[in-house]
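> Sharing a structure below in structure tokens format, with a few things to ask.
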Amino acid sequence: MTDRAQTLKQQGDLAGALSVYETAVQAWPQSAVAHHNLASTLGDAGRYEESAQTAMKAIKLGIRAPETRLVLARAHMHAGQLTAAQLAYREAISMRPDMVTALFELTQLLWMSSADQNIALQPLVNAVRAFPMSADLHMALSQALEFTGDKQGAVRVILDLATRNAADGLLMVRAADLLLDIGNLEHGRELAIRAFTADRSSFPALMAVARAALACGEVEGASAAVIEALNRRPFDQHVLALQAMVWRMSNNPGFDALYDYSSMVRSYFIEPPAGWSTRADYLADLAVELKEAHHFRTHPFGHSVRQGSQLANIFTVGTPAIQGFLQALQAPVNAHLEHLGSGPDPLRRRNNGSWLIQGIWSVMLRPGGFHVDHVHQEGWLSSAFYVELPSVVTSPDAKKAKGQGSAATKEGWIRFGQPGSPVQPAQPAQHFVQPEPGMLVLFPSYMWHGTVPFSGKQPRLTIAMDIIPG
């Protein structure tokens, strides 16, 4: 029965897997393992309160696995029970002190809750001291240092680890990227080449070589690496983003087709879903519900947000306005697919007229906040929907900035074309869109995009999603 449920999970059929695990719990109501499996799958499905209750039942039935405490911690965290989540993470770690996943997630939770690096890093720092030979713990600490603002510290940790594990290609790739990011180009390129030379089948190492070549201004070397990467993964969004930079830096007309801003970046205004008479009324209710669900003070690890919080999978919040957002999306997304039509480029080639949401989340940026320039690896089309905006974004002075090339007066605008990894010479943003409440901006997931930082005292509240062909 467990094998059947795992197969259904791997196929993306969470409902089927849940049915199997529910049957198992009914058949063996005293089985702690059956309750653990059900709790884990309920968490995967975003049913966090049920997941927590079922995990606690498994613990009450006597299960000793730290993995059950991890399931419980995640359920509490996503449900906004942050103190309970911390306790569950710490219990898992007490049972297995070198449990990297629990340590990393606890560190991230402490950071998002406090925005205090010293508080957040303590669990990982202590674990690294206790297990100095653990490469996984060092990797986790390096990432935590990077996203809490200490890139130099992240480099030191990863370089020390790479020196002691010279045969680990992924460590070399991580070290190379960090070195490129802080401007140590020659050392970064050296490690990228070393990783690829050691294993030419490694896709991460091949991509590191491409990034290193672009950072050093070696367009021909980058082009060769990108061509090979495209042969391996023709629809990889990160590869397409690097291809765009190669073409832009070599004045290849292919860039204009891949980054056709006028055709591929489009803005639509939603209509209010059933239950709301005006867009303004709907946005006001949506803003209230989203703000109540944003539990954290600052950004998670591994994402583009800086100085703001991120709410994962908004549809797990059962409030009316959030649930109504799916209806509001239908008309503009369908209109955009019709506008794009078919064609030979990597975007239109996959357009079959239908779509699925791959992921949907909300971001609330504080004043001074922004998104670093990035692409969406898991998407095909990506989006930004504007719920509530600070006056500095929508003021008359901001409107006068339309059509101008500088980002100086475009506070809080979304920008396109500026790469998130280093390139030489620098390639500034080429296209800007001024947000307005109720506006949905759709664009290719491979297109570099970020947010201009903004001032003032008001937050900037958005929803974003990735779409894949249906």
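> Collect the residues in the range 43-68 that are hydrophobic (A, V, I, L, M, F, W, C) and at pLDDT below 95, keeping them in residue-number order.
Ala45
> Quick check on Ala65: is it under 21 Å from Gln310 (Cβ atoms) and aliphatic (A, V, I, L, M)?
No; evaluated as a whole, the condition is false for this residue.
> Enumerate the pairs (first residue in the range 319-331 and closer than 16 Å to Arg279 by Cβ and of a type in the set (Asp, Glu); second residue anywhere and part of a loop (DSSP other than H, G, I, E, B) and at pLDDT 95 or above) with beta-carbon separation below 7 Å, excluding pairs fewer than 6 apart on the same chain, so at least 6 apart or on different chains.
none
> Which one of Leu214, Leu290, Leu242 is of a type outside the set (Gly, Ala, Ser) and over 22 Å from the mean Cα position of the chain (by Cα)?
It is Leu214.
> Considering the range 111-145 alone, what residues qualify as being touching a residue at least 60 places away in the same chain (Cβ under 8 Å), more than 20 Å from Asp98 (Cα to Cα) and assigned to a helix (DSSP H, G or I)?
Selection gives Met112, Ser113, Ser114.
> Do the conditions hold for Ala52, that is, is it at negative phi and without any contact (Cβ under 8 Å) to a residue 12 or more places away in the chain?
In short, no.
> Among the residues of the range 197-210, is there at least one that is surrounded by 21 or more Cβ atoms within 10 Å (Cβ to Cβ) and aromatic (Phe, Trp, Tyr)?
No, the range 197-210 contains no residue that is surrounded by 21 or more Cβ atoms within 10 Å (Cβ to Cβ) and aromatic (Phe, Trp, Tyr).
> Mind listing whichever residues of the range 72-102 are touching a Gly at 6+ places or on another chain (Cβ under 6 Å) and of a type in the set (A, V, I, L, M, F, W, C)?
The one that is touching a Gly at 6+ places or on another chain (Cβ under 6 Å) and of a type in the set (A, V, I, L, M, F, W, C): Ala75.
> Let me ask you something else. Return the residue satisfying two criteria in turn: it lies in the range 313-353 and is touching a Lys or Arg at 6+ places or on another chain (Cβ under 8 Å) and part of a helix (DSSP H, G or I), and of such residues it is nearest to Ala287 (Cα to Cα).
Thr316
> If Arg74 meets every condition in (1) closer than 25 Å to His294 by Cα; (2) basic (Lys, Arg); (3) surrounded by fewer than 22 Cβ atoms within 10 Å (Cβ to Cβ) apart from one, which number is that one?
(3)
> Yes or no: Gly254 small (Gly, Ala, Ser), surrounded by fewer than 15 Cβ atoms within 10 Å (Cβ to Cβ) and more than 26 Å from the chain's Cα centre (by Cα)?
In short, yes.
> Just give me the residues in the range 219-252 being in contact with a helix residue (DSSP H, G or I) (Cβ under 8 Å, 6 or more places away or on another chain), of a type outside the set (Lys, Arg) and outside any helix (DSSP H, G or I), in sequence order.
Phe235, Asp236, Ser250, Asn252
The values are calculated or read from the model by the stated rules, or taken from the named source; none is laboratory data. Keep in mind that what you see is a predicted model, and the values were worked out from it rather than measured. As a convention, Cβ positions derive from the backbone with ideal geometry for all residues, glycine included, and neighbour counts pool all protein chains shown.
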